[in-house]
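The values are calculated or read from the model by the stated rules, or taken from the named source; none is laboratory data. Quick caveat: nothing in here was measured; it's all calculated off a predicted structure. Methodologically, a virtual Cβ is constructed for each residue, glycine included, from the backbone with ideal geometry; neighbour enumeration extends over all protein chains shown.
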Amino acid sequence: MIDAEYSDYCLNPTFFRQLTNKFCSNSFSLLPTIQIKRERHRKILSDFLETTKKVVIVPGNKVYLRDKEKNMPFRNEMKRLVEELSLNGTKVFVGTEKNLNLVTKLKNKEKIVPFALLNPNIKNEIIKLKESGFKETAIYTPFYIVEKGNKTPQKLIKYVERREAGKNISLKNLKRLVQSYIVAGTQKEIVSSIKKLSKLSTTLVFHPLNLNPSEAIKALQKIRSLI
C-alpha cells in the first residue's frame, strides 16, 4: 500500500483511479489519506470512495494545513466519520500519532485498522493496540532507496528532525534515529527490514520519500517479488 499525504505526492482522484486500474491487486493497493481538519475533507473523501473502499483517516499535519485549519477540533468528527465508514463497508485505517488513546477507545474494532507511524517505540504501540482489541494493525513505513555506501541523504535528516521536533539530535544518534523512523537502504536491505516489520503488523503502508507514485509502485512491486 502507498500512502500519499505529502503535497508533493498528493493524488487527485482521477490520477488515483488511473494508478489503481494499472497497478493494484488484492494484496497491493493505493491508500489515500484524508485529513479531517481540512474544511473539504468530506468532499475529498467522497471523491476517493468512488474508486476505493480503503482509506486512512488522520487529524492532519500542520505542515499540510492552512492557518485556519491547524487548530480545528477533530475528535468528535473523527469518531463520527470512522463509525460511518466502518458501517458502510469501507476499510478504515485510523492514524494513531498523538492520538493513540482516542483510537484505542473507538467502537467496531473488528472493522477498523489502527495506523501507527514507524518510530523507536513502535513495538510497544502495536502491543497496546492489540491488547485493546484490534485484530489488525498497520504501520506507516516511509522508505528511501539509496546506493550502498552513500551518506545519509539530507532529505532523511530533515524528516527525522521533523519527527523529533524540539529535540536536539546528536550526530551519534542520527543514524539510529533514521533507521527507527525510515526503512532506508538498498533493495536487499529494505526487503530485510520489511520481513521483520511484517512479523509485527498485519499491514505495512509505504510512503516513498524519494520517488513519485508511479516510480514507487514499480519499486515496491520489485521489492515484493524478492520477499
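Before moving on, here are some points about what is shown:
- Of K135, K175, all but one fail to be charged (D, E, K, R), more than 15 Å from the chain's Cα centre (by Cα) and part of a loop (DSSP other than H, G, I, E, B); the exception is K135.
- Per the listing R38, R66, R75, R42, the residue uniquely farther than 29 Å from K199 by Cα, buried (at least 16 other Cβ atoms within 10 Å of the Cβ) and free of Cβ contacts under 8 Å to residues at least 40 places away in the same chain is R38.
- Positions within the stretch 52-109 being among the small types (G, A, S) and more than 18 Å from R38 (Cβ to Cβ), in sequence order: S86, G89
- Close pairs from the stretch 195-221: first assigned to a helix (DSSP H, G or I), partner surrounded by 14 or more Cβ atoms within 10 Å (Cβ to Cβ) and small (G, A, S), Cβ under 7 Å, at least 6 apart: P213/A4
- Residue selected from the stretch 130-160 under the condition at pLDDT below 85 and charged (D, E, K, R), by the criterion nearest to S170 (Cα to Cα): K158
- Here T186, T152, T141 are screened, and the one residue that is among the hydroxyl-bearing types (S, T, Y), more than 25 Å from K91 (Cβ to Cβ) and touching a helix residue (DSSP H, G or I) at 6+ places or on another chain (Cβ under 7 Å) is T152.
- Some residue of the stretch 76-86 being of a type in the set (K, R), farther than 20 Å from L31 by Cβ and either out of contact with any strand residue (DSSP E or B) (no Cβ under 6 Å at 6 or more places or on another chain) or outside any helix (DSSP H, G or I) (or both): yes
- For K130, the criteria (1) part of a loop (DSSP other than H, G, I, E, B); (2) under 26 Å from N61 (Cα atoms); (3) more than 17 Å from the chain's Cα centre (by Cα) hold in every case but one, which is (1).
- Qualifying residue in the stretch 91-110 (condition: closer than 13 Å to T137 by Cα and of a type in the set (S, T, N, Q)): yes
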